[in-house]
Amino acid sequence: MHFPFNIPVGKSVIPVHFICETLAYFLGYRYYVYLRKHTHDLINADNRLLIFIGAAAGAFIGSHLVGILENPSLLNHLDLIYFMSNKTIVGGMLGGLIGVELTKKKIGVKISSGDLMVYPLILAMIIGRIGCFLAGLEDGTYGNPSKLPWAIDFGDGIRRHPTNLYEIAFWTFLWMGLITYEKYEQFSDGSRFKIFLVSYLIFRFVIEFIKPDYFFSFGLSVIQLVCIAGLLYYYKVFLFPSKLIKPKAYA
C-alpha cells in the first residue's frame, strides 16, 4: 500500500481521510438517532439539542486549543491558520465535556447525557482513525520508528508504530467489552460514559510515549498532562468503582 491513500478523480484526488472523517460524523450521528429511537431518553429533544450545541462548541475550542499547545516551541507562529490546522481528539473530548456540563447546569439537566453517545462515538472514532491511518505521514498520528514485525513504512522509508491502528484495536475491544458486560450487569447513570472516557485517557497517556511528541524536561507531553487532568476530574471512578454498577433490585 502506498501512503497517503487517495481516490483519483480525473486530474485531482479525493483524500480518503476526508471521506472517513465525513463518514464518521454521518454514521456516528445516524447510530445515535437509532439508539435514541429505541431507548427511553429522559432528556427531551429541545434540551438534547442545546447539549449538542454545548458539546460541539466545547469540542471545537478544546480540540484546537490543546492542538496548538502540543508543541510550545511553535506558539510564536500562532495565527488563525495555525489554530485551525491543529486539533486533537483528547482536547475535543474534554472540551466537549466542559461544554456539556456548563450547558446542563444552565438548562437544569441533572442526569447523564453521555451514556447514549458512547457507542456512536466509538463507531465514529474507529472510522476516523481508519482515515488517519490511510493518510500516512500527512496526518501526524503515526508512532516512533520501530523494528517490530508489524511496524509500517508510511512512505518515508522508516518503519514506525502504527499507533492509529493501535487505537482502532483499543476502540474495538472497548466496544465489545462494554456490550458483553452489559449483558450481565447494568451501569448506573453516567457510568458508561465515565468508563469510556477514563479508558481512553489512560490509553492515550500510555500510547503517547511511543509517538514523536514534544516532551517537557520532566518527561511528559501536553497531551499526557491533559489526560492526567481528565483522570483527576474522574477520580471517583478509581476510588468507588462499585458505584459504576446499578444495584440489583430484589423482590
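Does Leu220 count as touching a residue at least 24 places away in the same chain (Cβ under 8 Å), open to solvent by less than 70 Å² (accessible area, probe 1.4 Å) and at negative phi? Before you say what the answer is, go through the steps one by one.
Values: touching a residue at least 24 places away in the same chain (Cβ under 8 Å): no; open to solvent by less than 70 Å² (accessible area, probe 1.4 Å): yes; at negative phi: yes.
The answer is no for Leu220.
So that you can scan it fast, the table gives a plain yes or no per residue for (1) more than 30 Å from Asp213 (Cβ to Cβ); (2) open to solvent by less than 50 Å² (accessible area, probe 1.4 Å):
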position: Phe3; (1), (2): no, yes
position: Gly10; (1), (2): yes, no
position: Ile14; (1), (2): no, no
position: Tyr34; (1), (2): yes, no
position: His38; (1), (2): yes, no
position: Ala45; (1), (2): yes, no
position: Ser63; (1), (2): no, yes
position: Val66; (1), (2): no, yes
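Give me the residue from the stretch 45-73 that is small (Gly, Ala, Ser) and over 15 Å from the mean Cα position of the chain (by Cα) and, out of that set, nearest to Lys87 (Cα to Cα).
Initially, the stretch 45-73 is screened for residues small (Gly, Ala, Ser), giving 45, 54-59, 62-63, 67, 73.
Applying the additional criterion that residues be over 15 Å from the mean Cα position of the chain (by Cα) yields 45, 54, 57, 73.
On the way: Ala45: 30, Gly54: 18, Ala57: 14, Ser73: 16 Å.
By that ranking, first place goes to Ala57.
Against the condition of a type in the set (Gly, Ala, Ser), out of contact with any Gly (no Cβ under 9 Å at 6 or more places or on another chain) and buried (at least 20 other Cβ atoms within 10 Å of the Cβ), how does Gly140 come out, does it pass? Can you show your working first?
Values: of a type in the set (Gly, Ala, Ser): yes; out of contact with any Gly (no Cβ under 9 Å at 6 or more places or on another chain): yes; buried (at least 20 other Cβ atoms within 10 Å of the Cβ): no.
No; evaluated as a whole, the condition is false for this residue.
Looking at Arg204, Arg160, which one is of a type outside the set (Gly, Ala, Ser), buried (at least 19 other Cβ atoms within 10 Å of the Cβ) and free of Cβ contacts under 8 Å to residues at least 24 places away in the same chain?
On the way: Arg204 fails: free of Cβ contacts under 8 Å to residues at least 24 places away in the same chain.
The match here is Arg160.
Go through the stretch 199-221 and give me each residue that's over 16 Å from the mean Cα position of the chain (by Cα) and assigned to a helix (DSSP H, G or I).
Of all residues in the stretch 199-221, those over 16 Å from the mean Cα position of the chain (by Cα) come to 209-221.
Passing the criteria: Phe209, Ile210.
Checking the structure you have, find out if any residue of the stretch 176-188 is more than 23 Å from Pro247 (Cβ to Cβ) and either at pLDDT 95 or above or open to solvent by less than 70 Å² (accessible area, probe 1.4 Å) (or both).
So the first thing to find is which residues in the stretch 176-188 are more than 23 Å from Pro247 (Cβ to Cβ), and the list is 176.
The next check asks that each one be either at pLDDT 95 or above or open to solvent by less than 70 Å² (accessible area, probe 1.4 Å) (or both); those that pass are 176.
Checked against the condition, which is being more than 23 Å from Pro247 (Cβ to Cβ) and either at pLDDT 95 or above or open to solvent by less than 70 Å² (accessible area, probe 1.4 Å) (or both), the stretch 176-188 yields at least one hit.
The values are calculated or read from the model by the stated rules, or taken from the named source; none is laboratory data. Being a predicted model, the structure only gives us computed values, none of them experimental. No Cβ is skipped: glycine too gets one built from the backbone with ideal geometry, and neighbour counts run over all protein chains shown. Remember, those area values only see protein heavy atoms, side chains included, never the ligands or the DNA or RNA. Shrake-Rupley method; radii C 1.70, N 1.55, O 1.52, S 1.80 Å.
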